[in-house]
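Student: Pasting in a structure now, in structure tokens, and then I'll have a few things to ask.
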Amino acid sequence: MNCPTTAPQAPSTDLNAAVGDIFKVLAAENWARFYFAVDRDGQVFVDIPAERILAAEKNQPLLAEFLKEINAKPTDYETSQRVVGEFVFRNLEVSRYASGILAQAFDSEAFKLENRLFAMWLTSHEAIMDERVRELDEWFEYYEGWRESEQVRRFAAGLAGSGNVENPGQGGVH
């Protein structure tokens with residue numbers, strides 16, 4: 001008896017989807033450092049409690065794998081950048097995205113814009129996020145809710161239209 005088989009999906013060339021997937025890994029790394037960075041003898045480590053990783057596994061299994069990889073390891077700015085990039089390329093290139101798409105996504109204006117907006121959100125909402133430790137899904141919900149507000153969408157469109165996404169000048173959106 002022949003069983004029907006599903007043809008493998010061709011890797012995506014969707015640049016916007018790649019930007020979104022990369023951003024999720026970057027945001028998860030920020031979540032880990034925001035809530036779970038600890039100082040050990042002058043060096044900063046990520047120390048995520050097991051129950052937080054288990055909670056992430058329910059809805060974000062790939063991100064939970066990433067969190068496991070960075071857990072209990074030292075971190076700094078350069079390490080953060082490196083581990084995000086390595087994880088993205090190791091887990092998404094070829095399996096999910098066509099060769100070269102992730103590199104294009106990292107270099108894209110859309111990715112720069114999302115990073116800029118995320119930094120603004122985190123800065124302007126730090127006190128709220130600091131009130132209690134939020135689950136990773138909740139962290140994303142807060143950001144996405146803010147990101148989809150009319151005011152932020154207009155601001156983002158203005159930044160994108162200015163051609164100066166990385167350094168838009170003074171001002172912010174709260």
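The values are calculated or read from the model by the stated rules, or taken from the named source; none is laboratory data. Model, not experiment: these values are computed from the prediction. Here the Cβ positions follow ideal geometry from the backbone for every residue, glycine too, while neighbour counts run over all protein chains shown. Just so you know, the surface numbers come from the protein's heavy atoms only, side chains and all, with ligands and any DNA or RNA stripped out. Shrake-Rupley method; radii C 1.70, N 1.55, O 1.52, S 1.80 Å.
Student: Sort the following peptides by mean Cβ neighbour count (other Cβ atoms within 10 Å, averaged over residues), highest first: 125-135, 102-112, 20-30.
Tutor: Details: 125-135: 12.2, 102-112: 16.8, 20-30: 20.2.
Order by mean packing, descending: 20-30, 102-112, 125-135.
Student: Can you compute the radius of gyration and Dmax for the chain, using only the Cα atoms, both in Å?
Tutor: Radius of gyration, then largest Cα-Cα span, for the chain: 17.7, 68 Å.
Student: I would also like to ask the following. Treat every Asp and Glu Cβ in the chain as -1 and every Lys and Arg Cβ as +1, leave all other atoms uncharged, and give the resulting dipole magnitude about the Cα centre to the nearest 20 debye.
Tutor: Values: 17 positive and 28 negative charges, 51 e Å.
In debye, rounded to 20, the chain gives about 240.
Student: How many angstrom lie between the Cα centre of the range 116-148 and the Cα centre of the range 6-39?
Tutor: 16 Å
Student: No solvent, one uniform scatterer per C-alpha: report log10 I(q)/I(0) for the range 65-121 via the Debye equation at q = 0.15, 0.29 1/Å, two decimals.
Tutor: Log10 of I(q)/I(0), two decimals: -0.54, -1.14.
Student: Please work out the average accessible area per residue across the chain, using the 1.4 Å probe convention, and give it in Å².
Tutor: Numbers: 10110 Å² over 174 residues.
Dividing the accessible area of the chain by its residue count gives 58 Å².
Student: Further, regarding this structure: Taking the C-alpha atoms of the range 89-159, how large are the radius of gyration and the largest Cα-Cα span, Dmax, in Å?
Tutor: 14.9, 42
Student: Sorted by packing (mean other beta-carbon atoms within 10 Å per residue), highest first, where do 155-161, 36-42, 145-151 land?
Tutor: Values: 155-161: 14.7, 36-42: 9.7, 145-151: 11.6.
Packing proxy ranking, top to bottom: 155-161, 145-151, 36-42.
Student: Using a 1.4 Å probe on the protein chains only, how many percent of the accessible area of the chain belongs to carbon and sulfur?
Tutor: Values: 5070 of 10110 Å².
The value for the chain is 50 percent carbon and sulfur by accessible area.
Student: Round to the nearest 10 and report in Å² the accessible area of SER99, as given by a 1.4 Å probe over the protein chains' heavy atoms.
Tutor: Using a 1.4 Å probe on the heavy atoms, I get roughly 100 Å².
Student: Check which residues have an amide H placed less than 5 Å from SER12's amide H, if you skip close sequence neighbours.
Tutor: Placed amide hydrogens put TYR97, ALA98 under 5 Å from SER12.
Student: Any chance you could list P(r) for the range 1-90, counting all Cα-Cα pairs in 10 angstrom bins from zero, rounded to whole %?
Tutor: 15, 41, 25, 12, 5, 2, 0
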